[in-house]
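Asks: This is the structure, below, for whatever I ask next.
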Amino acid sequence: MKLFSYAQATKPADAVQLLGAQTQSKFIAGGTNLVDLMKYDVESPDRLVDISQLALTQIDATDKGLRIGALARNSDVAANALVMKQFPLLSEALLAGASPQLRNMATMGGNLLQRTRCHYFYDVSQPCNKRAAGSGCGAIGGYNRIHAILGSSPSCIATNPSDMNVALAALDAVVQVTGPNGSRSIPILDFHRLPGNTPQRDTVLEANELITAVDLPTTAIGGKSHYLKVRDRASYAFALVSVAARLAVENGVVRDVRIALGGVAHKPWRLPDVEKNMVGKPATETTFRSAAKALLAGAQPHEHNAFKIQLAENAIVRALQTVS
Amino acid sequence: MTQVCKTSKAIGGMGHSMKRKEDGRFLQGKGNYVDDIKLDGMLYMDIVRSPYAYAKIKKIDSEAALKVPGVLAVITGRDLEQYNLHWMPTLMSDTQMVLPTDTVMYQAQEVAAIIATSRYAARDGREAVRVEYEVMKPVIDPFKALDPSAPVLRTDKPGKTDNHIWHWEVGDKARTEAVFASADVVVKEQMHIPRIHVASIETCGCVADYSKVNNHLTMYMTTQAPHAIRTVIALVAGHVGLTEEKVRVISPDIGGGFGGKVPVYPGYVIAIAASFLIGKPVKWIEDRSENLQADSFARDYHITAEMAGTKDGKILATRFKVLADHGYTDASANPSKFPTGMFSIATGSYDYGTTFMEADAIYTNKPPGGVAYRCSFRVTEAVHAIERMTDRYALEIGKDPAQLRFDNFIPKEAFPWHSPTGWIYDSGDYEAGLRKAMDAIDYEGLRKEQTEKRAKGELMGIGISTFTEVVGAGPSKDFDILGIKMFDSAEIRVHPTGKAIARFGTKSQGQGHETTYAQIIAEELGIPAENIQIEEGDTDTAPYGLGTYASRSTPTAGAAAAVAARKLRDKARKIAAYLLEVSEDDLEWEPGKFFVKGAPEKSKTIQELVFAAYTNHPQGMEAGFEATHYYDPPNLTFPSGAYICVVDIDKETGEIKVRRFVAIDDCGNIINPMIVQGQVHGGLTQGIAPAMYESLIYDDDGNILNGTLMDYLVPTAVESPNWETGHTITPSPHHPIGAKGVGESPTVGAPPAIANAIVDALSPYGITHLDIPITPFKVWKALKEKGAI
């Protein structure tokens, strides 16, 4: 492991300033992802700015919904009474991820920035455009069972591994960030990126910006929600495919719906047009299946992950049936 | 048959669910593991490992590493070569590199060792070592290893022209072929028992403490067989002065062994060499990935299995052909005369005429091993083959697999039963076990439910495994490791006040020996188990023995404890006769005292008799109250079990849910029912592991694809079904306390029950076999291929 210096920030503004002082600096909070990546030499920062002491752990009701501090621990968020009452989908997704020990350390902001589990990204002896821009992609033509079927590019077929992000996508979350040029709000669907030819960037966050909170808007959608995760082991495993679904049905007809997919793309996969199309249609398997097919239109399988297309379709239908 | 407790709860002999005596310290975090040992001036070792599966070492540059603060030395194969310590023998009389001088043979092989003043400095030093390799194309696929075009891997062996290690066969080839040629029904499957890893919670490690002044080595290490290790060290390093009396091996508390802590790993030898050269204690503790990637694997048998039978369900013959992938050296941990271990138990619980089994072992560029992972030397592979094929045959002729088993079981009157491969099964009642399991799970009801579900297109399966184990190695006429006979030992010393200490040649790794051995002695002597301290693992104090693995502790050392205790009871009888002034024949024993026949008020307690042995012993009798016994078992023991598993499979995701799992074990007489149940729970969980989750996977270049516990799927509590356990009791007729051993039965018996259940669920779609681990993905793919989804 490369030697690095360490500084602790006590205020968000200090954190941003401390980070800006050196080019190869990184924020560290729970460390559940970054420490692993440093051990594998995937990340080798010169300096770590510890933000774990910042006062960003609160979960508060606001007039528009709920504000969750960026440093709220995954386990605390999952068990929070407000979250469980208003946004049970988020609880469900968080509890589907990692292990209790990891959830006790992992934070909201860190989970948003969780990096891919692509084997080639983790193995520094292999080419990876995400880790080393321009070095190539080992996964295309390699062992790509866990990789993307949607929205990938010739330079990267990695997926976003987070369960939480999928739920946030279905919940229309807004990410609050602060940086040297002030604060801004980023809708969740704009927060994560597709790889294009710059797969080294997972999100639109600038290098010296700090996530401060995640806002969950209360909507009139009502209805029920469900997070369905399909994986190789019932605990402590990443999703092969996951579905975050919210559905409101009135008189057997879809009134409103959100569907986000995990494990299939570089970002949580949501197509608002498909959802709009479902409104007014009967809440039946036919509607769900045609929505599933529309969500997966243009899916591009690789050698080992073609199963994901059918699996995702089945999972979407199953999740919607569960909440209808 | 049921078992009754002969002793009171206060004495705590056999049959009492006494709480484990060792748990007090474990639950309070006061266990003493190798990594807890800290000695003055202790140095730390870390190991540089090869990123390639097969490569020539062109250069090892230590210069930068030696400049890392705290780094004292970098040890390479060339350094060890000067002392002729660069190679060592394996337990199977093959050879294994300690550190390579020229070539690395598998990914994660040891290349050089760093010795430093702290663990961190050692790790920094490791990263600073620069190794230049010339990468070669490895042999990974075992089926291609014998191609004439495959490179010969063991060029260190003069005259070696291929990658073949050995051929083994047993049974009647001609007769078996004749039966197969004329049989009405023949079924055949190609199956793989996957390469897996014990993944014990504690990794391997040691502290090698060589004293130059005393020319003495104390070796603290995670070993299941401390005495054998002492002898091996003396054999390997005797020429540099470490003869056997100069070596003390101490195996402290162990966090799980499962066979993975039987072998001698290169790290141990390098640590000894480093301590010997530097004159200070050297600690080496593997990290998790090193443990998983480099330490001995288990299983990895490719089996062509065939069964011949009649149309109405009578098994006539079996045939098994094995290709054993041993990695680059045969470092199995089998008794020396058994290259395939006890694989020849593969005729199973069934009474039929003939079998023929053969195996070929080959070298590949993978880590060495072949350890008996919670398994009596390849019994797991054998049981999987026979139990899978029994179901396969039942499917072929359309017969219920339970009924087919009843029709073929060895009847209980036929014991001792001579198997076609030469084993003499001591006792068994297979019908009673299966009947009990079927009643517990409502087998008939389940079959009805299955019929209804199938009509609706739902996937539900029921799988049975009625296995026979062969454990307790073993009788000295057949069993040895490197020539040392596989007896085991117990030494009991009773103090004047009637409390005792007993020492054994075995070594608990979680089995609960400190409790169960005490209960055996309590049963025989009437001294409360609470008052009997059990000690294992220190070669300076414990009597010689071959250690704990292959469910051998109760059959061997447990028997030794009973026999040694009986020697002491005989002595107590003599003292009682002397004190009570009667003849020995006039005395009767009840647990805890001798009394005069017809006059029970005239009695002496065992505590009084022991005290007399030190204070008032008869003239001419040796004072003291101690006994030792080296028990050479007359035969192995043959535990059995009847397991039934019910699975529901989600057609759309392939997800497999184990709805119920009933395990009826027969391990003979039970020492501690609670411990047996605990053993069965743990073993069943390690049984679902290879059945549904675990398999070490290598790509064509020999890179391990799942070298961390994130990707190598060890089941957790979440994946563990609710185990429903029970037992039948068929005592071993030749074992002093009628016990058979239980630790491994569940690991051995569970995988085929699960595989049979899953295949049963999928059989309406023409699926006759799936290799374990059967993952949701594998199920989904099979259904897809058959057009079922």
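The values are calculated or read from the model by the stated rules, or taken from the named source; none is laboratory data. It should be emphasised that the depicted structure is a prediction, and the values quoted were computed from it without experimental measurement. Counting neighbours? That spans all protein chains shown, and the Cβs are built from the backbone with ideal geometry, glycine included. Side chains are part of the model used for accessible areas, which takes the heavy atoms of the whole protein and leaves out ligands, DNA and RNA. Shrake-Rupley method; radii C 1.70, N 1.55, O 1.52, S 1.80 Å.
Asks: Filter the stretch B:709-725 for residues that are within 22 Å of the chain's Cα centre (by Cα) and away from chain A (no Cβ under 14 Å) and give the result.
Replies: B:W723, B:T725, listed by residue number.
Asks: Follow-up question, since we're still on this one. It is to be established whether one or more residues within the stretch B:270-291 are surrounded by 22 or more Cβ atoms within 10 Å (Cβ to Cβ), in a loop (DSSP other than H, G, I, E, B) and at pLDDT 95 or above.
Replies: yes
Asks: Output the residue which, of all residues in the stretch A:311-324 that are open to solvent by less than 50 Å² (accessible area, probe 1.4 Å) and of a type in the set (V, I, T), is nearest to the other protein chains (Cβ to nearest Cβ). Spell out the reasoning first.
Replies: Narrowing the stretch A:311-324 to residues open to solvent by less than 50 Å² (accessible area, probe 1.4 Å): A:311-317, A:319-320, A:323.
From the residues that got through so far, the ones that are of a type in the set (V, I, T) too are A:316-317, A:323.
Working: A:I316: 11, A:V317: 8, A:V323: 16 Å.
Checked the stretch A:311-324; the qualifying residue nearest to the other protein chains (Cβ to nearest Cβ) is A:V317.
Asks: Please work out which residue is surrounded by the most Cβ atoms within 10 Å (Cβ to Cβ), limiting yourself to the stretch A:161-183 and to residues that are part of a helix (DSSP H, G or I) and touching a Lys or Arg at 6+ places or on another chain (Cβ under 6 Å). Please lay out each step first, then the result.
Replies: The initial filter retains those residues of the stretch A:161-183 that are part of a helix (DSSP H, G or I), namely A:164-170.
Now narrow it down to the ones that are touching a Lys or Arg at 6+ places or on another chain (Cβ under 6 Å): A:169-170.
Working: A:A169: 26, A:A170: 28.
Looking at the filtered set, the residue picked out is A:A170.
Asks: Of the residues A:G134, A:G138, A:G109, which is over 18 Å from A:R73 (Cα atoms) and touching a strand residue (DSSP E or B) at 6+ places or on another chain (Cβ under 8 Å)?
Replies: Details: A:G134 fails: touching a strand residue (DSSP E or B) at 6+ places or on another chain (Cβ under 8 Å); A:G109 fails: over 18 Å from A:R73 (Cα atoms).
Checking each option against the conditions leaves just A:G138.
Asks: Test of understanding: among B:D46, B:D36, B:D102, which residue is within 27 Å of B:E514 (Cα to Cα) and either open to solvent by 30 Å² or more (accessible area, probe 1.4 Å) or out of contact with any Phe, Trp or Tyr (no Cβ under 6 Å at 6 or more places or on another chain) (or both)?
Replies: Working: B:D46 fails: within 27 Å of B:E514 (Cα to Cα); B:D102 fails: within 27 Å of B:E514 (Cα to Cα).
None of the others qualify; the one that does is B:D36.
Asks: So B:D650 passes all but one of these: (1) within 14 Å of another protein chain (Cβ to nearest Cβ); (2) surrounded by 18 or more Cβ atoms within 10 Å (Cβ to Cβ). Which condition number does it fail?
Replies: If we test B:D650 against (1) within 14 Å of another protein chain (Cβ to nearest Cβ); (2) surrounded by 18 or more Cβ atoms within 10 Å (Cβ to Cβ), just (2) comes out false.
Asks: Output the residues belonging to the stretch A:187-198 that are surrounded by fewer than 24 Cβ atoms within 10 Å (Cβ to Cβ) and not aliphatic (A, V, I, L, M). Walk me through how you get there before you give the answer.
Replies: Step one: filter the stretch A:187-198 for residues surrounded by fewer than 24 Cβ atoms within 10 Å (Cβ to Cβ), giving A:187, A:189-190, A:193-194, A:196-198.
Correct list: A:P187, A:D190, A:R193, A:G196, A:N197, A:T198.
Asks: In addition: Looking only at the stretch B:84-112, which residues are among the aliphatic types (A, V, I, L, M) and touching a Lys or Arg at 6+ places or on another chain (Cβ under 9 Å)? Explain how you work it out, then say what you get.
Replies: In the first step, residues of the stretch B:84-112 are kept if they are among the aliphatic types (A, V, I, L, M); the result is B:85, B:88, B:91-92, B:97-99, B:104-105, B:108, B:111-112.
Matches in the stretch B:84-112: B:L99, B:V104, B:M105, B:A108, B:V111, B:A112.
Asks: Mind counting the residues in the stretch A:212-225 that are within 15 Å of A:V166 (Cβ to Cβ) and open to solvent by 10 Å² or more (accessible area, probe 1.4 Å)?
Replies: The first filter runs over the stretch A:212-225 and keeps only residues within 15 Å of A:V166 (Cβ to Cβ), leaving A:214, A:216, A:225.
Retained after the next criterion (residues that are open to solvent by 10 Å² or more (accessible area, probe 1.4 Å)): A:225.
Residues flagged as within 15 Å of A:V166 (Cβ to Cβ) and open to solvent by 10 Å² or more (accessible area, probe 1.4 Å) within the stretch A:212-225 amount to 1.
Asks: Further question: Residue under question is B:G313, and the condition is that it be out of contact with any helix residue (DSSP H, G or I) (no Cβ under 9 Å at 6 or more places or on another chain), open to solvent by less than 10 Å² (accessible area, probe 1.4 Å) and not in a helix (DSSP H, G or I); does it hold?
Replies: Details: out of contact with any helix residue (DSSP H, G or I) (no Cβ under 9 Å at 6 or more places or on another chain): no; open to solvent by less than 10 Å² (accessible area, probe 1.4 Å): yes; not in a helix (DSSP H, G or I): yes.
For B:G313, the condition - out of contact with any helix residue (DSSP H, G or I) (no Cβ under 9 Å at 6 or more places or on another chain), open to solvent by less than 10 Å² (accessible area, probe 1.4 Å) and not in a helix (DSSP H, G or I) - is not met.
Asks: Could you grab me the full set of residues in the stretch B:122-139 that are among the aliphatic types (A, V, I, L, M), within 13 Å of chain A (Cβ to nearest Cβ) and in contact with a helix residue (DSSP H, G or I) (Cβ under 7 Å, 6 or more places away or on another chain)?
Replies: Across the stretch B:122-139, the qualifying residue is only B:A128.
Asks: What number goes with the only condition from (1) in contact with a helix residue (DSSP H, G or I) (Cβ under 8 Å, 6 or more places away or on another chain); (2) open to solvent by 40 Å² or more (accessible area, probe 1.4 Å) that B:I656 does not pass?
Replies: Single failed check for B:I656: (2).
Asks: Of the numbered conditions (1) out of contact with any strand residue (DSSP E or B) (no Cβ under 8 Å at 6 or more places or on another chain); (2) at pLDDT 95 or above; (3) surrounded by 18 or more Cβ atoms within 10 Å (Cβ to Cβ), B:L85 fails exactly one; give the number of that condition.
Replies: Failing condition for B:L85: (2).
Asks: Now, a different point. For the stretch B:730-789, what are the residues that are open to solvent by 30 Å² or more (accessible area, probe 1.4 Å), part of a helix (DSSP H, G or I) and within 14 Å of chain A (Cβ to nearest Cβ)?
Replies: B:F777, B:K778, B:K781, B:K784, B:E785
Asks: Follow-up question, since we're still on this one. Having 2 or more residues that are of a type outside the set (G, A, S) and under 28 Å from the mean Cα position of the chain (by Cα) is the bar; report the strands (runs of 3 or more DSSP E) wholly within the stretch B:1-100 that clear it.
Replies: B:43-49, B:87-89, B:95-97
Asks: Of B:S695, B:S640, which residue is away from chain A (no Cβ under 14 Å), touching a strand residue (DSSP E or B) at 6+ places or on another chain (Cβ under 8 Å) and not hydrophobic (A, V, I, L, M, F, W, C)? Even if it seems obvious, please write down each step before you answer.
Replies: Numbers: B:S695 fails: away from chain A (no Cβ under 14 Å).
The match here is B:S640.
Asks: Could I ask something else about it? Search the stretch A:278-292 for residues that are assigned by TED's automatic domain parsing to the domain that holds A:A245 and pair each with any residue that is part of a loop (DSSP other than H, G, I, E, B) and surrounded by 14 or more Cβ atoms within 10 Å (Cβ to Cβ) when their beta-carbon atoms are under 9 Å apart and the residues are at least 6 apart or on different chains.
Replies: A:A283/A:S324; A:T284/A:S324; A:T287/A:K281; A:F288/A:S324; A:S290/A:K281; A:A291/A:K281
For (1) surrounded by 19 or more Cβ atoms within 10 Å (Cβ to Cβ); (2) within 14 Å of chain B (Cβ to nearest Cβ); (3) closer than 24 Å to A:A96 by Cα, each residue gets a yes or a no:
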{"position": "A:S185", "(1), (2), (3)": "no, no, no"}
{"position": "A:Q200", "(1), (2), (3)": "no, no, no"}
{"position": "A:E206", "(1), (2), (3)": "no, no, no"}
{"position": "A:Y227", "(1), (2), (3)": "yes, no, yes"}
{"position": "A:V230", "(1), (2), (3)": "yes, yes, yes"}
{"position": "A:V243", "(1), (2), (3)": "yes, yes, yes"}
{"position": "A:N251", "(1), (2), (3)": "no, no, no"}
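Asks: Within the stretch B:706-729, how many residues turn out to be under 24 Å from B:I193 (Cβ atoms) and part of a strand (DSSP E or B)?
Replies: Number of matching residues: 1.
Asks: Something else now. Mind listing whichever residues of the stretch B:101-114 are small (G, A, S) and assigned to a strand (DSSP E or B)? Lay out the reasoning, then the answer.
Replies: Within the stretch B:101-114, the first condition is being small (G, A, S), and the residues that meet it are B:108, B:112-113.
Scanning the stretch B:101-114 gives B:A112, B:A113.
Asks: Determine, yes or no, whether B:G620 is outside any strand (DSSP E or B) and within 14 Å of another protein chain (Cβ to nearest Cβ). I'd like the intermediate steps shown before the answer.
Replies: On the way: outside any strand (DSSP E or B): yes; within 14 Å of another protein chain (Cβ to nearest Cβ): no.
Considered against the rule, which asks whether it is outside any strand (DSSP E or B) and within 14 Å of another protein chain (Cβ to nearest Cβ), B:G620 comes out as no.
Asks: Being open to solvent by 10 Å² or more (accessible area, probe 1.4 Å) and not in a strand (DSSP E or B) is the filter here; which residues of the stretch B:212-226 pass it? Please lay out each step first, then the result.
Replies: Step one: list which residues in the stretch B:212-226 are open to solvent by 10 Å² or more (accessible area, probe 1.4 Å), which gives B:212-216, B:218, B:220.
Result: B:K212, B:V213, B:N214, B:N215.
Asks: Further question on the same structure: Within the stretch B:340-399, can you find the residues that are farther than 24 Å from B:I754 by Cα, open to solvent by 10 Å² or more (accessible area, probe 1.4 Å) and small (G, A, S)?
Replies: The one that is farther than 24 Å from B:I754 by Cα, open to solvent by 10 Å² or more (accessible area, probe 1.4 Å) and small (G, A, S): B:G353.
Asks: Out of all the residues in the stretch A:1-19, which are open to solvent by less than 80 Å² (accessible area, probe 1.4 Å) and assigned to a helix (DSSP H, G or I)?
Replies: As a first pass, look at the stretch A:1-19 and keep what is open to solvent by less than 80 Å² (accessible area, probe 1.4 Å): A:1, A:5, A:7, A:9, A:12-16, A:18-19.
If the condition is that a residue be open to solvent by less than 80 Å² (accessible area, probe 1.4 Å) and assigned to a helix (DSSP H, G or I), then A:P12, A:A13, A:D14, A:A15, A:V16, A:L18, A:L19 are the ones that fit.
Asks: Further question on the same structure: Step by step: first the residues of the stretch A:276-310, then only those that are farther than 17 Å from A:G151 by Cβ and surrounded by 20 or more Cβ atoms within 10 Å (Cβ to Cβ), then the one that is nearest to the other protein chains (Cβ to nearest Cβ). Which residue is that? Even if it seems obvious, please write down each step before you answer.
Replies: From the stretch A:276-310, those farther than 17 Å from A:G151 by Cβ are A:276-291, A:303-304, A:307, A:310; that's our starting set.
Next cut, surrounded by 20 or more Cβ atoms within 10 Å (Cβ to Cβ) only: A:278, A:283, A:287-288, A:291.
Details: A:M278: 20, A:A283: 19, A:T287: 17, A:F288: 13, A:A291: 16 Å.
For the stretch A:276-310, the residue satisfying everything is A:F288.
Asks: Taking the stretch A:82-103 as the region of interest, how many residues are surrounded by 15 or more Cβ atoms within 10 Å (Cβ to Cβ), within 14 Å of chain B (Cβ to nearest Cβ) and assigned to a helix (DSSP H, G or I)? Lay out the reasoning, then the answer.
Replies: Step one: of the stretch A:82-103, the residues surrounded by 15 or more Cβ atoms within 10 Å (Cβ to Cβ) are A:82-83, A:86-98, A:102-103.
Next, only the ones that are within 14 Å of chain B (Cβ to nearest Cβ) stay: A:95-98, A:102-103.
Now narrow it down to the ones that are assigned to a helix (DSSP H, G or I): A:95-96, A:102-103.
Number satisfying all stated conditions: 4.
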